[in-house]
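For reference, the structure discussed in these notes is given below.
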Amino acid sequence: PVLLLTFTVLLRMLNCLLVQTSFVPDEYWQALEVAHHMVFKYPSVAHRGNYGYLTWEWANGLRGYSYPLIFASMYKVLQLLAKDDVQLLIWVPRIAQAVLAAFADVRLYSLVQHLENAETAKCVFFCQLCSWFTWYSCTRTLTNTMETLLSIFALSCYPMQGSKMGRSTKYLALVALAVVARPTAVILWIPLVFSHFFQEQRKADLILCTCLPVGLITVGISLIIDRVFYGKWVLVQFNFLKFNVLQNLGTFYGSHPWHWYFTQGLPVILGTHLPFFIHGCVLAPKRYRIFLTAVIWTMVIYSTQSHKEFRFIYPILPFCMFFCGYSLNSMKAWKKSAAGFLLLSNLLPALYTGLVHQRGSLDVMSHIQQLCNNQPQASVFIMMPCHSTPFYSHVHCPLKMRFLQCPPDLTGNKSYIDEADMFYSNPLSWLNKEFYNETLLPSHLIFFDVLQQEISSFLDLRGYEKIAAVFHTHMPQERIGSHIYVYRKKT
């Protein structure tokens, strides 16, 4: 319905504008930074080749260029129109993601309307729109977001009972695209694809005429794209699964107990939807058990991995919203009160996480942007936990910039310590060693307030003065402070 789509697009646009905080480094470093590196080149002697930065995953062929290529195409159009202003580079990808999210919301509504009725569809749609975590994540340039949106599109074509071969091709193609965007998408879809396979009368046809061609075409296109940008043949999906699943090297970025997704992960991202979800699971007819199976299976598989994050289970949220909507619709006399409770209880976390919590990482970039025009010869050193801020995609000028490196060790060296850990073990000693010569000093230093006391003697001795304090969070932890300080070397 056009009216519904217009309303949802406008709402997601507002959503996009009201999310001005950072969530995880990947939304920049695995998407926009890569796209910026692909498009913008400075052929001058001072800036040979591309200016930008690719993380260690790209050096080791763990990531595919298919997803960043979407943003690189937008950047290329802006470049050709001579409209590659830094604000447009930041907002155009986010707005595109918001529009796609709106289309996915409407597809979810249409799916439930087709499976149930208009009333249940409205309730599921309402639950989806007022989910605080969906609000927080759906306009971000994360592979998890694309995986979630493509999974909704695939679900809207999924043959629930019996099967139409034509529709099978459509949903399997969308699943394949989700796997190209993020290989872990295969986990969520294993129970659904198997369920479809067992229902299907023409099993050989499904495998030979649908699954194989769809799989080969999608992987083929992905391979060719990666061949063009890597300059060699790389099967990134295999490398990604080998690193994260077989070698379990994700533990380098932290580990959690096995039950974390059940005791913290899902309860947090569902928030006040949790009782509705449980009630909906009890209430929903047997034929929707496949959705619940997909949710539980995904959480169990992810629980076997030591490294856990909220965003990893974001793709199961639309499935959960189906049960939440089912529960809400059954409340008859209490429906309006329950809907009011859901809306109000999600509004505060949505606005707080979108506008307040962890906003310093993005706000501080405007201070660096100003240097492009005022001090193009400036050099910036970001002394913060690795990848705390975006990089050239949010500066868009070839300033000399540096941050603390933190690639994991892939050689099996037990005594390996990355640059960021070495720095934090003794910041003052590290700075004195690194900048033993006055000529090596950066013109600007950016760091969290928790470091200030420890390195104050270095700052005073080398003639740095504080020019800005940017609010970041009300919940500082260890290396992450409540404010980010910008220091400038006195001339």
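Remarks
- Here S345 fulfils each of the conditions (1) under 18 Å from V34 (Cα atoms); (2) in contact (Cβ under 8 Å) with a residue 60 or more places away in the chain apart from (1).
- Residue check for L177: open to solvent by 80 Å² or more (accessible area, probe 1.4 Å), modelled with pLDDT of 95 or more and under 29 Å from the mean Cα position of the chain (by Cα): yes
- Per the conditions (1) exposed (fewer than 15 other Cβ atoms within 10 Å of the Cβ); (2) of a type outside the set (D, E); (3) without any contact (Cβ under 8 Å) to a residue 12 or more places away in the chain, the sole criterion not satisfied by L88 is (1).
- Taking helices (runs of 4 or more DSSP H) as the structural unit, those lying wholly within region 94-167 and holding at least 2 residues that are over 15 Å from the mean Cα position of the chain (by Cα) and closer than 20 Å to I187 by Cβ correspond to 143-155.
- Among the residues making up region 467-487, those that are touching a Lys or Arg at 6+ places or on another chain (Cβ under 8 Å) and either closer than 23 Å to A378 by Cα or surrounded by fewer than 17 Cβ atoms within 10 Å (Cβ to Cβ) (or both) are I467, F471, Y485, V486, Y487.
- Conditions (1) touching a Cys at 6+ places or on another chain (Cβ under 9 Å); (2) aliphatic (A, V, I, L, M); (3) under 30 Å from P25 (Cα atoms); number of the one not met by I187: (1)
- Any hit, region 185-204, residues being touching a Leu at 6+ places or on another chain (Cβ under 7 Å), in a helix (DSSP H, G or I), in the same structural domain as F240 (by the TED database) and touching a residue at least 60 places away in the same chain (Cβ under 8 Å): no
- If you go through region 429-451 and keep only what is among the small types (G, A, S) and more than 27 Å from L362 (Cβ to Cβ), you end up with just S429.
- If you go through region 421-450 and keep only what is part of a helix (DSSP H, G or I), aliphatic (A, V, I, L, M) and surrounded by fewer than 20 Cβ atoms within 10 Å (Cβ to Cβ), you end up with M422, L428, L440, V450.
- Looking at L266, L274, just one residue is assigned to a helix (DSSP H, G or I) and either open to solvent by less than 10 Å² (accessible area, probe 1.4 Å) or within 20 Å of P191 (Cβ to Cβ) (or both), and that residue is L266.
The values are calculated or read from the model by the stated rules, or taken from the named source; none is laboratory data. Since the model is a prediction, treat every value here as computed from it, not as a measurement. Here the Cβ is made from the backbone with ideal geometry for all residues, glycine too, and neighbour counts use every protein chain on show. Ligands, DNA and RNA are excluded from the accessible area calculation, which covers all protein heavy atoms including side chains. Shrake-Rupley method; radii C 1.70, N 1.55, O 1.52, S 1.80 Å.
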